[in-house]
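Here's the structure, in structure tokens; my notes come after.
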Amino acid sequence: MSNDTILQVRGLSVDFPGRKGDTTAIADVDFDLKLGETTCFVGESGSGKSVTARAVLNIVEPAIIKKGAIHLVDVKAGQKIELSGLDPDGAEIRAVRGARIAMIFQEPMSSLSPVHTIGQQITEAILLHQDVDEAEARRRAIEALRAVQIADPEQAIDKYPFEYSGGMRQRAMIAMALGCEPDILIADEPTTALDVTTQAEILRLIRGLQESRRMAVMFITHDMGVVAEIADQVVVMLHGRVVETGAVDQVFHAPEHAYTKKLLKAALGLDDAPARRRETPSDEVLIETGDLSLAFPSKGKLFKRVAGVQALDRVSVELRKGEILGIVGESGSGKTTLARVLMGRFQPQSGQAIYHMRDGGTRDLTDKASFRDGQVYREMRMIFQDPYGSLNPRMTVEQIIGEPLLVNGLLKGADLRRRVGALLERVGLPATAMERYPHAFSGGQRQRIGIARAIALDPRIIIADEATSALDGSIRAQILDLLLDLRAELDLSILFIAHDIGVVRYFCDRVAVMHRGRVVETGTAVQICDAPQEAYTQRLISAVPIPDPRKRHLTAS
Amino acid sequence: MSIIPPADSPDTRLEAPSGDIDPRIDGNAGTESQWQLIRRRFSKHRLAMISLVILALFGFVALFAGFISPNDPGDVKARYTFAPPQGLHFIDRTEEGWSFRPYVYGYDVEIDPVALRRTFVIDEEKKIYLTFFKRSWEYKLFGLIPTDLHLIGPEKTRDPLYIFGADRLGRDMFSRVAYGTQISLSVGLVGVIMSLVLGVIIGGAAGYFGGWFDAATQRVIEFLRSLPTIPLWMGLAAAMPSGWSPLQTYFAITLILSFLGWTELARVVRGRFLALNGEDYVAAARYDGCSHGRVIVRHMVPAFTSHIITAASLAVPGMILAETALSFLGLGLQAPVISWGVLLQEAQNIRTLATAPWLLVPGAAIVIAVLAMNFVGDGLRDAADPYAN
């Protein structure tokens, strides 16, 4: 054991007790954390990464630590503390939490108290663990905020979480974690909820702090790109077990376990996009928007008027027949608003969106009356982001997929059943799935059901609003491939809204980049991803983590 | 070129190797409807299940009040004024051995020579045997079918049977509580159904269409809820013409109760509509080409019927308590109509209460019924939320 080892975990198993016996969350997990090193835990959702992190802090309730040893080494005193045997509510473990091992979470908004200022929350953590007075704690809190590069920390300390942006909140969480100068920082998917540019900043920050303070960082993520950027050591988990451990370069360039290879293939595959043969774009335009502008009305408060948000600012894009047009941008850039305008949910203040119908006529999608006879909705279908919210939990899959066919009076009875079965098989689900309710399916399967519903009416256009962003890597690739197959088969045009550059590079033919309601750049996917012209696009592209530790560019110092 | 060729994509194995698998996909799982899930989850809630059984008993009593009552609830018997409750015995022990034969002990009347007050003493020598399905006084089952069949009665019709004792006019408390159950429960149910109709229509329209209608109804609801209830009820009850028949008063009282009761339900319904309007699957239904009516009826209402049932089941006890309070104050139903509140009016006098504490039995019935309804409502609420766990 090297002198730098700060945490030693051996044979750790955690079980969730249940009425029908215990469910194993993790089993026989071994790993070491070393000072000055970042260990990434990677695996898809449900693989036990977060449970492992929580077990280190002994906060796994309602689960129980079945067996195993967690040794926390006190480097200066040369002592070891066994954490797994401690009372989860006892004084010893509470002295460790926050002070020696600190944790930051995925969702910074829900892990910060909305009714206390950032400063109060940081000083509380310091006062709890260190013997200092309040003025000193405040001084240290300001120092911590400065360390996480929050501008003007003297002012920022007295603000409330809602006054912070998502990235600033995550910085504040890190500042809170750093307040007591812990030896180990556990970061549970700290960048998953953030935009790529913000993610890059946070990764850079964690890397920098880790180097300057010689902390051990336990970093949990499902994104192989992030792993490649930040890790020194990698632990790959699958179904609650560690399947591979090793240095980052070895795991990426000489993976041993089949699952690691699969993960890498899924991550790298999206970056090998040019390999996919592009369709030659047709000249036939299906939708053209001209100078769409939409400002959400300012809310007239009693005494002051709050300025409205300019969600769309003179947006002009065109969707051609047979192409996949990607709309890319950070959250709040107006891409979802654009989709909603095209689906008639919002009416813009100015501009037009002309849709060329199958029968040769045209409709202006900015006019509510265009949607009244339902014809537009037959030709233009939508796939939603959230696979859980987009399927009615009270209807069977048959009813869900059959609904558009039924209400449009196309099919009923046995014919409808047969068609739903055929659609299910087309999207890669067994026809017998139609009797089940959505809660029986996983996220990827639900998204397939959503796709089946979208293609049921034999549409011309599919608008996919972040249709794959809620899915794990390999499933995301499967769904994208399904859409590609369907496009070729059904002669579809797809408007694909995404924030993930890797997905866009792989999937789209042309890309429009949006920023603050404006289209800043349009071009083919290869152009945009490999040779962006506009400064904003360049910033966006360069912030994307590349799943290869030898090409590390975000955190390179 | 695809990363994973569609031919061997693990679809048929339902994405097993990814870690994204839901174990319930195997076998028959996932074919249960929302209602089946709710029923299963509800049946695990032990307190709610016990309460449901109790409520079913109350319901049975209310429906078959005449059948259950051994005595006519209006039958005055001066001989048995304030007769205490007789204990029911089921096993008869005689010299010949044990046998199943329900009986009660008879009364011995002693007259206090100083106060000239009658005191009843249970006479263990006198056994009054009971028979099941006894034919005695006549009543109409469900108010329609004339019959004289009763669950239980003394073998000799003239013998007294006072399971819960008798009131100051010698009327049988047990029979009166049974009849009171009928009125009190139905006031609660009818009142809640009326407020439900009002609440669902008004709240639903407010939530679905929004705009000025929503704003107007919200202000009306806020105004109605700001009114102090007891004085309002008193005022409305006082405005009822005294010449009205008991039936008219009964309906007027339920109307008054639901006049305020609908506001709560309207808010619940409006809230559910607002929440559901933002759901993707409701948007999907619109994009599927569904009309407003179909979106509401087929896609939105099923999502909150369970919530409405829960809200309604929690509103019933409130109605019952309100009716009781009004009747207790003498503003609600009036004798000869029997409700729990009317019965409790008898228990207002502390001196009669000291001699005959069994006059409080209707109070116990109220407490048990209200608690049971609250527990059932709680159980329903826990079971109805599909995203709770």
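Miscellaneous remarks
- Counting only residues that are among the small types (Gly, Ala, Ser), farther than 16 Å from B:Ala178 by Cα and assigned to a helix (DSSP H, G or I), the range B:322-344 holds 3 of them.
- Restricting the range B:287-299 to residues that are open to solvent by less than 60 Å² (accessible area, probe 1.4 Å) and assigned to a helix (DSSP H, G or I), the residue that is farthest from the other protein chains (Cβ to nearest Cβ): B:Ile296
- Test: A:Asp491 is farther than 21 Å from A:Phe252 by Cα and not hydrophobic (A, V, I, L, M, F, W, C): yes
- Among (1) under 30 Å from B:Ile253 (Cα atoms); (2) free of Cβ contacts under 8 Å to residues at least 12 places away in the same chain - the single one B:Gly191 does not satisfy: (2)
- Of the residues in the range A:473-481, at least one is without any contact (Cβ under 8 Å) to a residue 60 or more places away in the chain, over 20 Å from B:Tyr287 (Cα atoms), in the same structural domain as A:Asp509 (by TED's automatic domain parsing) and open to solvent by 10 Å² or more (accessible area, probe 1.4 Å).
- In a residue-by-residue description of the range A:332-353, the property of being under 22 Å from A:Arg460 (Cβ atoms), part of a loop (DSSP other than H, G, I, E, B) and among the hydroxyl-bearing types (Ser, Thr, Tyr) applies to no position.
- When the range A:145-164 is filtered for residues that are open to solvent by less than 10 Å² (accessible area, probe 1.4 Å) and part of a helix (DSSP H, G or I), the ones remaining, listed by number, are A:Leu145, A:Pro153, A:Ala156, A:Pro161.
- Test: A:Arg277 is closer than 29 Å to A:Leu484 by Cα and at pLDDT below 85: yes
- Exactly one residue out of B:Thr229, B:Thr263 is modelled with pLDDT of 85 or more and closer than 25 Å to B:Ile183 by Cβ: that is B:Thr263.
- Residue match in the range B:91-103 (condition: of a type in the set (A, V, I, L, M), touching a Lys or Arg at 6+ places or on another chain (Cβ under 6 Å) and open to solvent by 50 Å² or more (accessible area, probe 1.4 Å)): no
- For B:Thr310, the requirement of being more than 14 Å from chain A (Cβ to nearest Cβ), out of contact with any helix residue (DSSP H, G or I) (no Cβ under 8 Å at 6 or more places or on another chain) and in contact (Cβ under 8 Å) with a residue 24 or more places away in the chain is not met.
- Residues satisfying the stated conditions in the range B:174-227, i.e. among the basic types (Lys, Arg) and open to solvent by less than 60 Å² (accessible area, probe 1.4 Å): B:Arg176
Conditions tested, residue by residue: (1) away from every other protein chain (no Cβ under 14 Å); (2) on the phi > 0 side of the Ramachandran plot; (3) open to solvent by 50 Å² or more (accessible area, probe 1.4 Å).
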| position | (1), (2), (3) |
| --- | --- |
| B:Ser242 | yes, no, yes |
| B:Ser245 | yes, no, no |
| B:Ile253 | yes, no, no |
| B:Ile256 | yes, no, no |
| B:Phe259 | yes, no, yes |
| B:Val269 | yes, no, no |
| B:Phe273 | yes, no, no |
| B:Glu279 | no, no, yes |
| B:Ala285 | no, no, no |
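- Those residues of the range A:436-473 which are facing chain B (nearest Cβ under 10 Å), touching a Leu at 6+ places or on another chain (Cβ under 7 Å) and of a type in the set (S, T, N, Q), in sequence order: A:Gln445
- Of all residues making up the range A:510-548, the number that are open to solvent by 20 Å² or more (accessible area, probe 1.4 Å) and closer than 30 Å to A:Pro255 by Cα: 7
- A:Leu264 being at pLDDT below 85, over 26 Å from A:Arg505 (Cβ atoms) and not assigned by TED's automatic domain parsing to the domain that holds A:Thr468: no
- If you filter the range A:368-382 down to residues that are more than 10 Å from chain B (Cβ to nearest Cβ) and within 15 Å of A:Arg340 (Cβ to Cβ), you find that the one that is most open to solvent (accessible area, probe 1.4 Å) is A:Lys368.
- Only listed residue being open to solvent by 10 Å² or more (accessible area, probe 1.4 Å) and touching a helix residue (DSSP H, G or I) at 6+ places or on another chain (Cβ under 6 Å), chosen from A:Leu457, A:Leu391, A:Leu406: A:Leu457
Conditions tested, residue by residue: (1) surrounded by fewer than 22 Cβ atoms within 10 Å (Cβ to Cβ); (2) assigned by TED's automatic domain parsing to the domain that holds B:Tyr162; (3) within 30 Å of B:Arg40 (Cα to Cα).
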{"site": "B:Ile308", "(1), (2), (3)": "yes, no, yes"}
{"site": "B:Ala315", "(1), (2), (3)": "no, no, yes"}
{"site": "B:Met319", "(1), (2), (3)": "no, no, yes"}
{"site": "B:Pro336", "(1), (2), (3)": "yes, no, no"}
{"site": "B:Val376", "(1), (2), (3)": "no, no, yes"}
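- Among the residues of the range A:312-335, those identified as of a type outside the set (Asp, Glu) and open to solvent by 40 Å² or more (accessible area, probe 1.4 Å) are A:Arg314, A:Ser316, A:Arg320, A:Lys321, A:Ser331, A:Gly332.
- So A:Val427, is it within 9 Å of another protein chain (Cβ to nearest Cβ) and in contact with a Cys (Cβ under 7 Å, 6 or more places away or on another chain): no
- Where helices (runs of 4 or more DSSP H) fall entirely within the range B:200-284, those with at least 2 residues that are of a type in the set (Lys, Arg) and within 30 Å of A:Phe384 (Cβ to Cβ) are at B:246-277.
- Test: residue in the range A:65-83 that is crowded, with 21+ Cβ neighbours inside 10 Å, more than 14 Å from chain B (Cβ to nearest Cβ), under 25 Å from A:Arg214 (Cβ atoms) and not hydrophobic (A, V, I, L, M, F, W, C): no
- Residue in the range A:383-400 that is closer than 25 Å to A:Ser316 by Cβ, within 12 Å of chain B (Cβ to nearest Cβ) and not in a helix (DSSP H, G or I) present: yes
- Cross-chain or 6+ apart pairs with Cβ under 6 Å, the range A:491-518 first and in the same structural domain as A:Arg381 (by TED's automatic domain parsing) and closer than 18 Å to A:Gly322 by Cβ, then among the aromatic types (Phe, Trp, Tyr) and assigned to a strand (DSSP E or B): A:Cys508/A:Phe496
The values are calculated or read from the model by the stated rules, or taken from the named source; none is laboratory data. Since the structure is predicted, the reported quantities are computational estimates derived from the model, not experimental observations. Here Cβ is always computed from backbone atoms with ideal geometry, including for glycine, and neighbour counts include all displayed protein chains. Heads up: the accessible areas ignore ligands, DNA and RNA and are worked out on the full protein's heavy atoms, side chains in. Shrake-Rupley method; radii C 1.70, N 1.55, O 1.52, S 1.80 Å.
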